[in-house]
Amino acid sequence: MSTRRTSQRLAERGEQREQREQRDAEPAPAAKKQRTAPKAPAEPSKALAVGDALPELTLLDQHGKEVHLKDVKRAVIFTYPRANTPGCTRQAQCYRDDYAKWTDKDYQVFGLSTDAPSAQLKWAEYTLLSDPKRELIGPLTGTTSSTRRSHFVITDGRLVQVSVGVKPVESSENALTAT
């Protein structure tokens, strides 16, 4: 009886090995379409400072329309790691709730993340910018390896406040103090 069990175990192991080899020989399934851009390699980026102008870039908004940064004169830009997550949603809600305060002072409100425009389509009523290559996020935050929750106030086309690593519920209120 023990010889029969040993033979069965060896046969099962052989079948399992064949299945593994067959699986390993098959091509890998196609990668799923990503909702956000792949992370850029970790590179230090020269951070913009108070008094610096925004770089001349063009980014897409949540509707796929181009936004030329050279045309931005009075604005607040807040960065968030990913749309539809608790902290980011709370930060966006604070800017939504303070939207009238911003527009009363003639400031535009921009959310900025690496999310694709389609991922942000129904997320807020103000303009959300897509920066999958971190072309603006890098200079604003000083890193291209991640997106830190932050805000930046622009007056006359120049940075007047830079706050990196902010708390979601305090971001809009603190940024308003710079205007």
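Each value in this text was obtained by applying a stated rule to the coordinates, not by laboratory testing. The structure presented is a predicted model; accordingly, all values stated were derived computationally and were not measured. Cβ placement follows ideal geometry from the backbone for every residue including glycine, while neighbour counts extend to all protein chains displayed.
With respect to (1) buried (at least 16 other Cβ atoms within 10 Å of the Cβ); (2) out of contact with any helix residue (DSSP H, G or I) (no Cβ under 6 Å at 6 or more places or on another chain); (3) part of a loop (DSSP other than H, G, I, E, B), the lone exception for Glu125 is condition (1). Restricting to segment 129-179, and then to whatever is surrounded by fewer than 19 Cβ atoms within 10 Å (Cβ to Cβ) and under 23 Å from His63 (Cα atoms), can you tell me which residue is nearest to the chain's Cα centre (by Cα)? By that ranking, first place goes to Pro132. Would you pick out the residues in segment 128-171 that are among the polar types (S, T, N, Q) and not in a strand (DSSP E or B)? Within segment 128-171, Thr141, Thr144, Ser145, Ser146, Thr147, Ser171 meet the criteria.
When Ser172, Ser130, Ser150, Ser163 are screened for being free of Cβ contacts under 8 Å to residues at least 40 places away in the same chain, of a type in the set (Gly, Ala, Ser), on the phi < 0 side of the Ramachandran plot and in contact with a strand residue (DSSP E or B) (Cβ under 9 Å, 6 or more places away or on another chain), only Ser163 passes. Note on segment 83-101: residues that are surrounded by fewer than 16 Cβ atoms within 10 Å (Cβ to Cβ) and touching a residue at least 40 places away in the same chain (Cβ under 8 Å) total 4.
Return the residue satisfying two criteria in turn: it lies in segment 59-97 and is of a type in the set (Ser, Thr, Tyr) and touching a strand residue (DSSP E or B) at 6+ places or on another chain (Cβ under 7 Å), and of such residues it is nearest to Ala124 (Cα to Cα). Taking the candidates together, the pick is Tyr95.
Only residues that are hydroxyl-bearing (Ser, Thr, Tyr) and assigned to a helix (DSSP H, G or I) were counted in segment 52-99, giving 3.
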